[in-house]
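Undergrad: Would you mind keeping the following structure in view while I ask a few things?
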Amino acid sequence: MKTSKHTRTVALMAILLLFNIQPITAQEVSFPDTPVGKMAKAYFTAFNQEDLKAMREFTANKRTKSALTRVSLEDRMAQHAQMKGMIKQMNVKKITREESGHLTFLVFSEAIETWFSVGFTLNDDNPSLLESLALRPAEAPEPESSSVVLPNTPAGKMAKAYFAAFNETDIQTMREFTAQHRTEASLTRVSLDDRMAQHGQIKGMLQKLELKSITKTEEKNLVVLVFSEPVQSWFEIGFTLNDETPPKLEGFALKPVSAPEEGEDIGYGEWNDLSSLLDNVIEKHGIPGLSMAVIKDGKIADAAVAGRHQMNKETPVTANNRFHLGSITKSMTATLIGKLIQKGKLKPEATLKSIFPDINMLPAYESVTVEQLLNHTAGIPGYLTVTDEEEAKLLTLPGNASQQRLAFANKVLREEPMTTPGTAFAYSNAGYSLLGTITEKITGKSWEAQLQKEIFGPLKMKTAGIGWPKAAGRLDQPSGHFGALNELRPQTINEYPLGAYIDPAGDVHASMEDLAKFALAHMNGLNGKNGILNSETFKWLHTTKDKRNYASGWFVNKAENGQMVHEHAGSAGTFLALMIIEPETNQGFVIAANAGGLALDGIFRKVIALYRSK
């Protein structure tokens with residue numbers, strides 16, 4: 001999907017990691033008069049051309065035969081088009097390594113304000129050919145060093161080794177750290193390869209962590225506050241060691257938090273109720289609008305709103321106003337799948353080939369199951385972002401919404417898998433679009449109609465619908481906002497459309513009180529109550545598979561108090577929403593803002609923590 005600049009950066013990193021391909025640049029340094037220097041100069045020149053012809057010629061003439069066998073010329077050009085559409089031009093800043101047959105450059109992309117390290121290695125047998133091209137996120141040159149000194153304890157030493165590994169450009173350093181320092185049990189729960197895939201996504205977004213303060217220190221436990229410059233966000237990181245000799249890293253937690261205030265604790269002043277708390281949050285952070293609802297003891301126990309529909313406008317947010325839910329939509333699509341399984345119309349092990357016998361899909365997808373799609377282990381291409389040109393094509397797929405999704409399914413299932421199906425977690429919007437199409441194939445009804453019949457209607461979610469909240473015919477709804485909190489810009493009508501092809505992955509809107517009804521239905525189901533699904537079906541949907549922490553549209557994790565927390569956030573760039581349920585305490589929270597960004601996630605969690613404390 002076409003996205004805000006911040007989301008483009010996140011999506012770009014994901015694509016780089018998934019496809020192992022490499023961006024490039026306009027020259028600000030002198031290239032060595034060597035074979036590899038000439039190769040690099042030719043590549044940068046080709047990349048920075050407006051059309052793709054120069055890069056196609058370069059790739060066809062300069063890549064080795066084995067490289068073009070592994071990934072075809074057409075696939076490489078499709079990947080290049082994705083990169084080109086996002087990073088535009090890249091500027092070569094300096095050479096960081098020079099050897100016979102090898103050069104590494106530090107480059108910068110103005111379009112996404114990101115640094116990269118780009119390495120070229122020539123073929124040993126034929127130095128006129130490019131054997132490999134490697135790009136990794138890089139820290140900005142001459143970064144400020146942290147003045148915080150980690151304690152000389154086992155936990156302090158472990159944290160020091162972790163930050164050294166994280167801030168290395170080469171991901172191999174983190175692989176070595178993880179293999180050496182994680183416990184055998186933790187590497188059994190989540191394999192080294194899966195952990196490195198997860199680290200790659202985090203590294204791609206955060207790039208570098210700057211240690212700011214220590215909030216808790218014990219011999220084998222340490223909690224620190226860190227800052228990421230690229231995403232302008234704060235995070236809390238906790239390290240817990242076991243009792244082995246030497247001790248190993250048994251627990252590691254990284255979560256977004258709100259920014260601290262100098263010289264005082266993080267807080268939002270005096271507040272008496274949820275409404276005044278949200279007012280204080282808006283005043284402090286400049287968020288246009290907020291809405292929140294609280295679930296407790298089987299009912300919606302509290303709800304409040306604050307702020308405005310749009311920055312610099314006076315129209316206030318009201319309880320029935322709608323907020324875009326982004327990927328929270330996935331749990332709704334999964335609920336429809338659960339309904340079909342409950343009715344005996346679909347089996348979790350049903351394969352794509354058995355469901356879509358008429359689609360000429362790649363053999364790799366034929367045995368992909370519904371359960372794998374639900375849990376992001378099917379290897380389906382992510383579609384976290386697409387180029388403007390590709391988006392234009394997808395938005396003009398023929399037919400009604402269901403027909404567009406079927407056409408998208410035909411397209412996606414002819415594309416190479418992101419990972420080997422069934423082997424690893426790889427988050428995929430396209431995978432959930434396929435699930436929506438599966439419900440349409442089985443029922444003969446549109447995904448939209450099924451949502452209304454099976455979820456919105458029974459739960460009396462009167463504000464729930466599809467698309468951006470503010471649209472033609474709905475001008476009395478909040479506008480989304482692009483950018484960071486200190487540089488917001490309102491989203492205008494018809495700007496940044498989300499196509500029907502991807503709707504089941506992230507395009508539902510609703511008020512927070514209505515979203516709370518959906519969250520409550522799932523929590524009641526987990527606590528043994530039948531509702532829009534039988535309790536057993538709810539429990540199946542929330543059961544993680546293969547020792548991962550994702551289940552059918554929900555992340556499922558154990559909190560510090562040992563209780564299980566089921567949650568999912570959602571953002572398509574201009575809104576952010578968060579849904580949390582805690583079945584064991586019988587409480588939950590939903591909160592949304594008409595702005596996006598990682599910083600808001602931390603703010604949301606702080607607001608929830610403060611509300612709990614009263």
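Undergrad: Filter segment 272-311 for residues that are in contact (Cβ under 8 Å) with a residue 60 or more places away in the chain and part of a loop (DSSP other than H, G, I, E, B) and give the result.
TA: The answer is G286, I287, P288, D297, G298, H309, Q310, M311.
Undergrad: So, one more: For G480, all conditions in the list (1) of a type outside the set (K, R); (2) under 21 Å from L340 (Cβ atoms); (3) crowded, with 22+ Cβ neighbours inside 10 Å; (4) touching a Phe, Trp or Tyr at 6+ places or on another chain (Cβ under 9 Å) hold save one; what is the number of the exception?
TA: (2)
Undergrad: While we're looking at this one, here's another question. For segment 440-458, which residues satisfy the criterion of being more than 15 Å from V508 (Cα to Cα) and either of a type outside the set (K, R) or not in a helix (DSSP H, G or I) (or both)?
TA: Hits for segment 440-458 are E440, I442, T443, G444, K445, P458.
Undergrad: While we're here: Among the residues of segment 559-579, count how many are outside any strand (DSSP E or B) and either open to solvent by less than 40 Å² (accessible area, probe 1.4 Å) or in contact with a Pro (Cβ under 7 Å, 6 or more places away or on another chain) (or both).
TA: Residues flagged as outside any strand (DSSP E or B) and either open to solvent by less than 40 Å² (accessible area, probe 1.4 Å) or in contact with a Pro (Cβ under 7 Å, 6 or more places away or on another chain) (or both) within segment 559-579 amount to 6.
Undergrad: Something else now. Among the numbered conditions (1) modelled with pLDDT under 90; (2) touching a strand residue (DSSP E or B) at 6+ places or on another chain (Cβ under 8 Å); (3) of a type in the set (S, T, Y), tell me where T369 comes up short.
TA: Tallying (1) modelled with pLDDT under 90; (2) touching a strand residue (DSSP E or B) at 6+ places or on another chain (Cβ under 8 Å); (3) of a type in the set (S, T, Y), T369 fails exactly one: (1).
Undergrad: Only residues that are among the aliphatic types (A, V, I, L, M) and buried (at least 20 other Cβ atoms within 10 Å of the Cβ): list them for segment 347-365, please.
TA: Within segment 347-365, just L352 meets the criteria.
Residue by residue, here is whether (1) among the aromatic types (F, W, Y); (2) more than 30 Å from A516 (Cα to Cα); (3) open to solvent by less than 10 Å² (accessible area, probe 1.4 Å) holds:
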position	(1), (2), (3)
L384	no, no, no
E390	no, yes, no
L406	no, yes, no
P417	no, yes, no
Y432	yes, no, yes
L435	no, no, yes
E440	no, no, no
G457	no, no, no
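Undergrad: May I pose another question? Need a quick list: helices (runs of 4 or more DSSP H) entirely within segment 482-552 having at least 3 residues that are charged (D, E, K, R).
TA: 512-526
Undergrad: Mind checking which residues of segment 53-92 are at pLDDT below 85, under 23 Å from A111 (Cα atoms) and of a type outside the set (S, T, N, Q)?
TA: Matches in segment 53-92: R76, M77, A78, H80, A81, M83, K84, G85, M86, I87, K88, M90.
Undergrad: Check off (1) touching a helix residue (DSSP H, G or I) at 6+ places or on another chain (Cβ under 6 Å); (2) farther than 15 Å from T387 by Cβ for I112 and give me the number that stays unchecked.
TA: Exception for I112: condition (2).
Undergrad: To continue, here is another question. Any residue that is in contact with a Pro (Cβ under 9 Å, 6 or more places away or on another chain), closer than 27 Å to N272 by Cα, open to solvent by less than 10 Å² (accessible area, probe 1.4 Å) and assigned to a strand (DSSP E or B) - is there at least one of those in segment 594-612?
TA: Checking segment 594-612: not a single residue is in contact with a Pro (Cβ under 9 Å, 6 or more places away or on another chain), closer than 27 Å to N272 by Cα, open to solvent by less than 10 Å² (accessible area, probe 1.4 Å) and assigned to a strand (DSSP E or B).
Undergrad: Follow-up question, since we're still on this one. For segment 410-431, enumerate the residues that are among the polar types (S, T, N, Q) and not in a loop (DSSP other than H, G, I, E, B).
TA: Selection gives N410, N429.
Undergrad: Counting only residues that are among the polar types (S, T, N, Q) and open to solvent by 50 Å² or more (accessible area, probe 1.4 Å), how many does segment 518-543 have?
TA: Residues in segment 518-543 being among the polar types (S, T, N, Q) and open to solvent by 50 Å² or more (accessible area, probe 1.4 Å): 4 in total.
Undergrad: For segment 333-386, which positions are small (G, A, S) and within 30 Å of G573 (Cα to Cα)?
TA: A334, G338, A378, G379, G382
Undergrad: Go through segment 312-327 and give me each residue that's on the phi < 0 side of the Ramachandran plot and not in a strand (DSSP E or B).
TA: Once the filter is applied, which keeps residues that are on the phi < 0 side of the Ramachandran plot and not in a strand (DSSP E or B), segment 312-327 yields K313, E314, T315, V317, T318, A319, N320, N321, R322, L325, S327.
Undergrad: Related question: Given the criteria small (G, A, S) and modelled with pLDDT of 90 or more, does G267 qualify?
TA: Against the criterion (small (G, A, S) and modelled with pLDDT of 90 or more), G267 does not qualify.
Undergrad: Using beta carbons and a limit of 6 Å, which pairs, at least six apart or on different chains, have the first residue in segment 372-398 and over 15 Å from M86 (Cα atoms) and the second one among the aliphatic types (A, V, I, L, M) and open to solvent by 10 Å² or more (accessible area, probe 1.4 Å)?
TA: Here the result reads G379/M418; P381/M418; G382/M418; L397/A407, each pair linking segment 372-398 to a residue that is among the aliphatic types (A, V, I, L, M) and open to solvent by 10 Å² or more (accessible area, probe 1.4 Å).
The values are calculated or read from the model by the stated rules, or taken from the named source; none is laboratory data. Here the structure is a predicted model, which means the values were calculated and not measured. FYI the Cβ positions are ideal-geometry reconstructions off the backbone, even for glycines, and counts take in every protein chain you see. Surface accessibility is based on the protein's heavy atoms, side chains included, excluding ligands, DNA and RNA. Shrake-Rupley method; radii C 1.70, N 1.55, O 1.52, S 1.80 Å.
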